[in-house]
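Report on one structure; see the data block that follows.
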Amino acid sequence: DGGITQSPKYLFRKEGQNVTLSCEQNLNHDAMYWYRQDPGQGLRLIYYSQIVNDFQKGDIAEGYSVSREKKESFPLTVTSAQKNPTAFYLCASSSPGLAGEQYFGPGTRLTVT
Amino acid sequence: EDQVTQSPEALRLQEGESSSLNCSYTVSGLRGLFWYRQDPGKGPEFLFTLYSAGEEKEKERLKATLTKKESFLHITAPKPEDSATYLCAVQATETPLVFGKGTRLSVIA
């Protein structure tokens, strides 16, 4: 079955540590996205990539970094520079020309103490 | 700046009690308006795309409509399994999606 996987589902880190969230898709989609969701809030875009080896900042990119070395993978690193990293992180992908019809992974809930 | 406002924030319905959710938007050059459903602790699931005013889409008990300033998601005779958060998003030409904060729907048996 095609889909998007995110791992792990729950992640705990100490303040000051960098952490990398995994996102893999086997839908053969060119575009991939990372969103952050806080309680009672909508989705806010962190980074997106429309093609391998290229990515753009979203609305809240500060304190985050990404790479897109393979079409199927788009890992997100939450650095120690991110002031409020505790959140629910969602990865998504879409086909060319259908950027609004996104397929989402199950999410990773990150808790930093 | 593109903006999406959803109302109400939360809605509680009895099973079978029809209602509508609202999504108001301001965007320069609407490319599409999208509805998603999100269950607690899970990723959103795509429901509908609307491209132009007057367009309607239906799926089971849900019907989405679009005007030049807002979209409605009508829920007819809802069941408890329709309980979820419904998210609206807009896309302007060549820009990423902008999401609203969602409406949390609870359907009580």
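The values are calculated or read from the model by the stated rules, or taken from the named source; none is laboratory data. Just so we're clear, the structure is a prediction, and the values are computed from it rather than from any experiment. Quick reminder, even Gly has a Cβ in these numbers, built from the backbone with ideal geometry, and neighbours come from all protein chains shown. For the accessible areas, the whole protein counts, side chains as well, though only heavy atoms, and no ligand, DNA or RNA atoms are used. Shrake-Rupley method; radii C 1.70, N 1.55, O 1.52, S 1.80 Å.
Key figures
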item	result
Long-range neighbours under 8 Å by Cβ, at least six apart or interchain, first residue closer than 16 Å to B:ARG104 by Cβ within the range B:31-45, second among the hydroxyl-bearing types (Ser, Thr, Tyr) and surrounded by fewer than 19 Cβ atoms within 10 Å (Cβ to Cβ)	none
Qualifying residue in the range A:24-46 (condition: in contact with a Leu (Cβ under 8 Å, 6 or more places away or on another chain), surrounded by fewer than 16 Cβ atoms within 10 Å (Cβ to Cβ) and within 28 Å of B:VAL90 (Cβ to Cβ))	no
Contacts under 8 angstrom Cβ, first residue in the range B:56-83 being of a type in the set (Asp, Glu), partner not in a strand (DSSP E or B), 6 or more apart	B:ASP82/B:ARG61
Residue tally, condition without any contact (Cβ under 8 Å) to a residue 60 or more places away in the chain and either of a type in the set (A, V, I, L, M) or in contact with a Cys (Cβ under 9 Å, 6 or more places away or on another chain) (or both), over the range A:23-37	3
The range B:47-69: number of residues that are within 12 Å of the chain's Cα centre (by Cα) and open to solvent by less than 60 Å² (accessible area, probe 1.4 Å)	8
Test: A:ALA87 is touching a Phe, Trp or Tyr at 6+ places or on another chain (Cβ under 6 Å) and at pLDDT 95 or above	no
Within the range A:72-96, tally of residues that are open to solvent by less than 10 Å² (accessible area, probe 1.4 Å) and assigned to a loop (DSSP other than H, G, I, E, B)	1
Flag for A:ALA99 being touching a strand residue (DSSP E or B) at 6+ places or on another chain (Cβ under 9 Å), among the hydrophobic types (A, V, I, L, M, F, W, C), surrounded by 14 or more Cβ atoms within 10 Å (Cβ to Cβ) and at pLDDT below 95	yes
Hey, B:PHE34 under 10 Å from the mean Cα position of the chain (by Cα) and either more than 10 Å from chain A (Cβ to nearest Cβ) or in a loop (DSSP other than H, G, I, E, B) (or both) or not	no
Residue in the range A:38-57 that is touching a residue at least 40 places away in the same chain (Cβ under 8 Å), of a type in the set (Phe, Trp, Tyr), outside any loop (DSSP other than H, G, I, E, B) and within 14 Å of another protein chain (Cβ to nearest Cβ) present	no
